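Chemist: Quick one: this structure, given as structure tokens, is what I'll be asking you about.
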Amino acid sequence: MSVLDVRGLTRSFGPVRALDGVDLTIADGEVLAVLGPSGCGKTTLLRTIAGFMPGDTGEVILDDRPVLVDGRSKVATRHRNVGYVPQEGALFPHLDVAANITFGLDRPERRRADIGELLELLDLDPSLARRSPHELSGGQQQRVAVARALARKPSLLLLDEPFSSLDASLREATGRAVVRAVRATGAAALLVTHDQNEALSLADVVAVMSAGRVVQVGAPLEVYGRPATPFVASFVGSGSVLPATITDGVADSVIGRFPVSGQAAGDVDLFVRPEQVRLDEAGEVEATVAGFDFYGHDACLHLSVGDHHEVLCRVRGDRVPGEGQRVRISVDGAATVFERAT
Amino acid sequence: MTTTVDPPRTSRRVHDGAPVALLLIGVAVALFALIPLLHVVQYAATVDPDTAREQLFRPRIGMLLRNTLGLMVACVATSVVVSVACAWLVVRTDLPLAGLWHVLLTAPLAVPAFVNGFGWVSLTHSVEGFGGAVMIVTLSYFPFVYLPVCAALRGLDPSHEEIAASVGLTRAATFLRVVMPQLRPAILGGSLLVALHMFSEFGALKTLRFPTFTTAIYDQFNTTFNGPAAHLSSALLVLLCLVVLLVELRLRGRRRYARTSSGSPRTADRAGLGRLRWPALAVPAAVTCLALGVPIYSLVHWMQVGSSTGNGLDQLVPTAVTTVSYAAAGALLSVVLALPVGLLVVRHPSLAGTLVERSTYTANALPGIVVALALITVTIEYATGLYQTAIVLVAAYLIMFMSRAVVSVRASLEQAPPVLESVARSLGVSGLATTWRVTVPIVMPGIGAGAALVFIAISTELTATLLLAPLETKTLATEFWSQSSALAYGAAAPYALLMIVISMPAVYLLSRTTQGQRPGRSVLP
């Protein structure tokens, strides 16, 4: 069963097509990340699902209930039973934490609400209940905003870049805590983000958007491992694009000859992830270390191969060869083949 | 680190455009606020050139121009010196009792300038003339510079000064080359207010027998009923205000002094004054004594020894009731007028909205005497029945002080961004309930503060009230004025003290709210 069905949704602002025929489905209890660069329409998608704006054409079905038909809103936001967490959290500044969390509940429900439980669900100290929003850190504010959205037990939680305003270290922990809480309540979630790490590590399903369209939907492993387009390949992680020629299922490129699956033939582009490239003394291909980016636990070498083609290669942080050194490499696993961009 | 973010959510509201009804109401409010200016422009455009030449090219006009400009320049200069010195001591040094001095240095705003002038003149006639006028106008209006400079000093990024120290600048050089330039917008904004208030000042300068355009217009109108002369001087005064506004804009320039990094700013360390710590107290103590001590001592003194003490005390309560009624009505109506303007500017940003908002500010720059004169002429010409009624007086108050309410309403509406309403709707709350439970509680304190500022301004207003009040109407200010003009010092004093008491709470509020503000954005009138 699906919680959310979006079918053929379009929306234009003047000449800009913010949504250009979006189809998207979220199953019960699933956490789906909509990943894309700024301006790709992901926030417009979320706001349309929430009911803050209409579409031009298309449908949105929430819990088997058509809430947007032919681009027009049929059900007001407050009757859609979705939880909404905006980028800046937007806690009501005049209310304390407890009053923020119970804001959407009826009076009798408010009295009975177990605020402590909700706070604990989000790894927050129950003693925070009487604090004012301005007395909380950014991460705490964001968690309270999620608790507020979950208090009414929505079937779908809409998260609009909720972690982007947080420090890098805080972002990961907050993201994990939020997703754990969402899973504990059994709600589904739609997480809009431009951060690929966030999308890959938190979501069950990643939908990559570009220029108002969903270009690929799949499990994180699939989207990363088998990107559907060069855009997805380069936006979700890094890698090297190398020219190759395929004859009878074998690709011939500067990084060697190897078999590829699929129907492609002739001149193509090969896409290789840095971790697929290995330093290998027995490797057939020779390369020069042009430079490297060091991250501590690992490093990414910029190798110069053949006629000045750049190949990225991930190595352990304690195995970084010196600049200018000659190395031999081999490629592990299947390269992704794209038709040559003309 | 920088993260890319989708375009601001509010931008979609620009496409929506403002609702027509709201826009129409806004335009109506703007036109109302522009009545005096339009009147002056229309008069100046249609006046007979010969009459104008005859009236303007007189030695007396030259004298008034010299007096007005000279006083303006001197008052601005002394206000800046006093304010920067006091603000630096209070905000950036370990001066004992800094918090108390901050309140006391704001408090002169609660003493109307004409009360201050009376306080001094009734003790010594040596303050009459230019020197005394400079001192008393400065003592009455320097907080307009002091408050924004304090806010700017608090908002300074301490790392700028640390960088200056790291490249070898002395403390004094750091102050001149790093701190002062960043205080510029605050100093300019405050100086503008001092200049405009000095241009409008009638009571104090009349008391000190120092003629300026404003006192001259009053005399021309009230004693000789010399219409053309009053109107031409009034046009000239508006021109002066305009020049000052333009000069300020020009000097302020387009440069921005914003913090460029993200993260919450640190507050700068306070400098140790060392052996000068206690002697430094002399500066704020002297200013406080002159600005607050002398007038209050004088009022109390005359209440004890004045021969007229006790006279007309039975009039005190009815006069206070009349004053409070006018002030309350004006405060309430100004908020009613300010709300559509604020909504237009904050929720539906557009050029039209900005123009409407700016229109409500223009009247604030016009001296009360100009507003009063314009309303008299306009009512006599177009609505004779309204002449010398409470309606015209309240209209003058609204035109003069509405901008204070607009500033507050605008700032408080910005505290309630639309995203809060979106969240409330996603939580299943209806539109009306959202307004009641989210928007109203958030904006109410700010709107209340705006209403309080208008209330105070009206309860101490003298010039326009003298000219426009219905015959039998007496306010605290006019009653004080007529008693003190009749040399009944003892009878006048209680009215002045009551005005000070009424003003105190709002001034205290002002000393609190300006903390932590960014330079250049002042809630001051």
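The values are calculated or read from the model by the stated rules, or taken from the named source; none is laboratory data. These numbers come from a predicted model, not from an experiment. Using ideal geometry, Cβ is built from the backbone for each residue, glycine included, and neighbour counts are taken over all protein chains shown. Areas reflect the complete protein model, heavy atoms only, side chains present, ligands, DNA and RNA absent. Shrake-Rupley method; radii C 1.70, N 1.55, O 1.52, S 1.80 Å.
Chemist: Which residue out of A:GLY39, A:GLY55 is under 17 Å from the mean Cα position of the chain (by Cα), of a type in the set (Gly, Ala, Ser), within 25 Å of B:LEU420 (Cα to Cα) and outside any strand (DSSP E or B)?
Modeler: Answer to the check: A:GLY39.
Chemist: While we're on this one: Take the residues in the range A:148-163 that are over 22 Å from A:SER201 (Cβ atoms) and either more than 10 Å from chain B (Cβ to nearest Cβ) or among the aromatic types (Phe, Trp, Tyr) (or both), then tell me which one is surrounded by the most Cβ atoms within 10 Å (Cβ to Cβ).
Modeler: A:SER155
Chemist: So which residues in the range A:91-107 are surrounded by fewer than 16 Cβ atoms within 10 Å (Cβ to Cβ) and within 14 Å of A:ALA151 (Cα to Cα), if there are any at all?
Modeler: Selection gives A:ASP106, A:ARG107.
Chemist: Let me ask you something else. Within the range A:138-157, identify whether any single residue is of a type in the set (D, E, K, R) and more than 28 Å from A:ILE49 (Cα to Cα), and answer yes or no.
Modeler: As a first pass, look at the range A:138-157 and keep what is of a type in the set (D, E, K, R): A:143, A:148, A:152-153.
Checking the rest, the ones that are also more than 28 Å from A:ILE49 (Cα to Cα) come to none.
No.
Chemist: Here's another thing I want to ask about it. Being among the polar types (S, T, N, Q) and over 30 Å from A:LEU150 (Cα atoms) is true for just one of B:SER422, B:SER484, B:SER426. Which residue is that?
Modeler: Step by step, each of B:SER422, B:SER484, B:SER426 is checked, and only B:SER484 is among the polar types (S, T, N, Q) and over 30 Å from A:LEU150 (Cα atoms).
Chemist: May I ask you to list the residues in the range A:247-280 that are surrounded by 15 or more Cβ atoms within 10 Å (Cβ to Cβ), part of a strand (DSSP E or B) and of a type in the set (A, V, I, L, M)?
Modeler: A:ALA251, A:VAL268, A:LEU270, A:VAL272, A:VAL277, A:LEU279
Chemist: In addition: Say whether the condition of being within 19 Å of B:LEU240 (Cβ to Cβ) and either at pLDDT below 90 or buried (at least 19 other Cβ atoms within 10 Å of the Cβ) (or both) is met by at least one residue in the range B:87-107.
Modeler: The answer is no, given that none of the residues of the range B:87-107 is within 19 Å of B:LEU240 (Cβ to Cβ) and either at pLDDT below 90 or buried (at least 19 other Cβ atoms within 10 Å of the Cβ) (or both).
Chemist: Being touching a residue at least 12 places away in the same chain (Cβ under 8 Å), of a type outside the set (Asp, Glu) and outside any helix (DSSP H, G or I) is the filter here; which residues of the range B:112-132 pass it?
Modeler: Within the range B:112-132, B:PRO112, B:SER122, B:LEU123, B:GLY129 qualify.
Chemist: A further question on this structure: Give the residues of the range B:13-36 that are modelled with pLDDT under 90, away from chain A (no Cβ under 14 Å) and open to solvent by 50 Å² or more (accessible area, probe 1.4 Å), sorted by residue number.
Modeler: B:PRO19, B:VAL20, B:ALA21
Chemist: A follow-up question, please. Pull up the range A:59-86, narrow it to residues that are without any contact (Cβ under 8 Å) to a residue 60 or more places away in the chain, open to solvent by less than 10 Å² (accessible area, probe 1.4 Å) and not in a strand (DSSP E or B), then point me to the one that is nearest to the other protein chains (Cβ to nearest Cβ).
Modeler: Only one residue tops the list, namely A:THR77.
Chemist: Still on this model: Name the residues in the range A:295-342 that are open to solvent by less than 40 Å² (accessible area, probe 1.4 Å), over 21 Å from A:PRO227 (Cβ atoms) and touching a residue at least 40 places away in the same chain (Cβ under 8 Å), would you?
Modeler: A:VAL305, A:PRO321, A:VAL327, A:ILE329, A:SER330
Chemist: Would you check if B:LEU373 is part of a helix (DSSP H, G or I) and more than 20 Å from B:SER503 (Cα to Cα)?
Modeler: Yes; evaluated as a whole, the condition is true for this residue.
Chemist: For the condition open to solvent by 60 Å² or more (accessible area, probe 1.4 Å) and more than 14 Å from every other protein chain (Cβ to nearest Cβ), what is the one hit in A:ASP56, A:ASP5, A:ASP28, A:ASP20? Give the steps one after another, and end with the answer.
Modeler: Working: A:ASP56 fails: more than 14 Å from every other protein chain (Cβ to nearest Cβ); A:ASP5 fails: open to solvent by 60 Å² or more (accessible area, probe 1.4 Å); A:ASP20 fails: open to solvent by 60 Å² or more (accessible area, probe 1.4 Å).
When all the criteria are applied, what remains is A:ASP28.
Chemist: Next question. Are any residues in the range B:163-179 free of Cβ contacts under 8 Å to residues at least 12 places away in the same chain, open to solvent by 60 Å² or more (accessible area, probe 1.4 Å) and within 21 Å of B:VAL149 (Cβ to Cβ), and if so, which ones?
Modeler: B:ALA172, B:LEU176
Chemist: Looking at the range A:89-107, is at least one residue away from every other protein chain (no Cβ under 14 Å), in a helix (DSSP H, G or I) and not small (Gly, Ala, Ser)?
Modeler: yes
Chemist: Counting only residues that are free of Cβ contacts under 8 Å to residues at least 24 places away in the same chain and more than 21 Å from B:MET135 (Cα to Cα), which one in the range B:270-302 is most open to solvent (accessible area, probe 1.4 Å)?
Modeler: It comes out as B:ARG275.
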